[in-house]
Amino acid sequence: MAAPVLSTSLVVVSSLIAACLSVFYLTSGSSTCHLVPLSALAVCGLVFCGYLRWRGAGPAERRVCVVVVGDIGRSPRMQYHALSLSRHGYQVDLVGFLGTKPHNEVLNEEKITITAMADVKGVQVGPRVVSYVTKVIAQSVQILVTLMETRRPSHILLQNPPGLPSMAVCWLLCLLRGSRLVVDWHNYGFTILALAHPHTHPLVRLAQWYERAVGPLAAHHLCVSEAMKEDLRENWGIRATTLYDRPPAIFKETPLELRHQLFLRLAQTLPPFRTRGEEAGGAGERTAFTLRDPVDQSVTWRPHRPALLISSTSWTEDEDFSVLLKALEEYERCVREGRGLPALVCVITGKGPQKEYYRKLIDGLHLEHVQICTPWLEAEDYPTLLGSADLGVCLHRSSSGLDLPMKVVDMFGCCLPVCAIHYNCLSELVKHEENGLVFRDSQELASQLQALLSGFPRAGGRLEDFRRSLQTNRGKRWDDNWTQTVLPLITMTTPSP
């Protein structure tokens, strides 16, 4: 047992020395070229320590390590990977941050072991670059030490982005342990960084160089769209397999009884779900949308209920919610003019850095017929609410122009018609006038809301046509798609004992 203890100690010590020297060089004004031999020395130390740690490792098991350098609860695709692997007999180590509760299926699956990592911070004094560099170094140490404590996997399945520094660390671990690295490309990390910095910024250029240099080292690659697959092939020399996001079975239309129960729960904390005025004192359970008959206990829709619009977001720079807010202001004006439009409840779910900014904008609106709320929903309530809504709106505008919005996939799984903002490869998912509508600005979105909700909730109309189309043309679910696309890759490339 001496070797593991010694190796872990050496990893920590060498990395701390590297961090201290990096800060010294950066703050003293020395050229960053000094970091090159320093980094090489640190990597050599890590390789040596890893060799001591794992030289006696046994044969690879039917085990896969799924790595998310982010919040596991907010990484549904990686949770679905873990569940699919476990259903096919693989032991799964799911490694990531535990900020948001993962789905109950993940928590209750015996074959899945969740290993939590803390969200480490860099040095909080001095230039921002010092904080960034020290965070990368600290995170490298954290990932390395955490994964060294797991049993030897046949594969490491890594989400990218973020891939800096996890992609290089996971590749090194695979090299040492005889495992295979599979990178699941959700987007490009450098394009996300470019939302906050100019494309010429040194950090953006470094991130782009890193992804292009380290990415091709992986044994296998998955990606989320055909457009990304083609870009990886042409510009990165990477041959990837497209694994489209598909909704799991939990995303489906919600029965009226379950909708009523959900609305009652939400009404406890969200005023838009409550009845207004005199109606609140009526007999039986009542929400803004439904009521239960006190005699036979049946649940029915209220005849003049508002329409329920839903959008989900991570509240990041690639989603401009001012587009939706402007469209809702125009919708409010049209309701006041008596154009036969229903009142509207708009639910925007999610967590993220820009949430408070947009909440202040929402609080400044003067709307009478449109109510907006911004809750965070538990993993079990989110699909139930999607299956209860009348219309979905997607404002995701890909930073790379190559990824597809998973929220729309989930909405389609619930047969929920969608209005989505246009970008280059969106047509792989949303086909205008076939399974939804595509808009380019707030005025176009406002026109679409009016056209779809005119006369609501009367039967018929374009909204119902879109819903029937989605009910008729259901595609594959996640499990079927994963079994056909990913399982052969995993089973055929498991390293020999």
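Taking the centroid of alpha carbons for each part, segment 130-164 and segment 223-265 are 25 Å apart. Which residues does the label zone of Glu234 cover in segment 409-433, counting backbone N under 18 Å from a point 7 Å along Cα→Cβ? Only 423-428 pass the distance filter. Close amide H partners of Asp93, meaning residues 5 or more places away or on another chain with modelled amide H under 5 Å apart, are Val64, Cys65, Val66, Thr113. Separation of the alpha carbons by more than 26 angstrom is noted, of Lys355/Lys431; Lys101/Lys326; Lys229/Lys476; Lys355/Lys407; Lys121/Lys351, for Lys355/Lys431; Lys101/Lys326.
For segment 109-164, which GluC sites (Glu not before Pro) pass both filters: DSSP loop (anything but H, G, I, E, B) and at most 16 other C-beta atoms within 10 Å?
Taking segment 109-164 and a limit of 16 other Cβ atoms within 10 Å, the loop GluC sites (Glu not before Pro) found are Glu110, Glu149.
Each residue of segment 343-355 was assigned a 3J(HN,Hα) from its phi angle through the Karplus curve 6.51 cos²θ - 1.76 cosθ + 1.60 (θ = phi - 60°); the sequence is 4, 9, 10, 10, 10, 10, 9, x, 10, x, x, 9, 4 Hz, with glycine and proline shown as x. For the pair Leu361 and Asp465, label points projected 7 Å from Cα toward Cβ lie 3.2 nm apart. Helical content alone sets the calculated 222 nm signal of the chain at -13000 deg cm²/dmol, taking -39,500 (n - 2.57) per DSSP H segment of four or more residues and averaging over every residue. On a per residue basis, the chain carries 45 Å² of accessible surface, using protein heavy atoms and a 1.4 Å probe. Of the GluC sites (Glu not before Pro) found in segment 296-368, the ones in coil according to DSSP and having at most 13 other Cβ atoms within 10 Å of their Cβ are Glu337, Glu368. Of the trypsin sites (Lys or Arg not before Pro) found in segment 327-412, the ones in coil according to DSSP and having at most 12 other Cβ atoms within 10 Å of their Cβ are Arg339. Here the Karplus relation 6.51 cos²θ - 1.76 cosθ + 1.60, evaluated at θ = phi - 60°, turns the backbone of segment 254-260 into coupling constants of 8, x, 4, 4, 5, 4, 4 Hz, with x for every Gly and Pro. Along the axis of the charge dipole computed for segment 338-381 (Cβ charges of +1 for Lys and Arg, -1 for Asp and Glu, origin at the Cα centre), the listed residues Gly364, Pro342, Trp376 are led at the positive end by Gly364.
The values are calculated or read from the model by the stated rules, or taken from the named source; none is laboratory data. Keep in mind the model is a prediction, meaning the values are calculated, not measured. With ideal geometry, Cβ positions are generated from the backbone for all residues, glycine too; neighbour counts draw on all protein chains shown. Remember, those area values only see protein heavy atoms, side chains included, never the ligands or the DNA or RNA. Shrake-Rupley method; radii C 1.70, N 1.55, O 1.52, S 1.80 Å.
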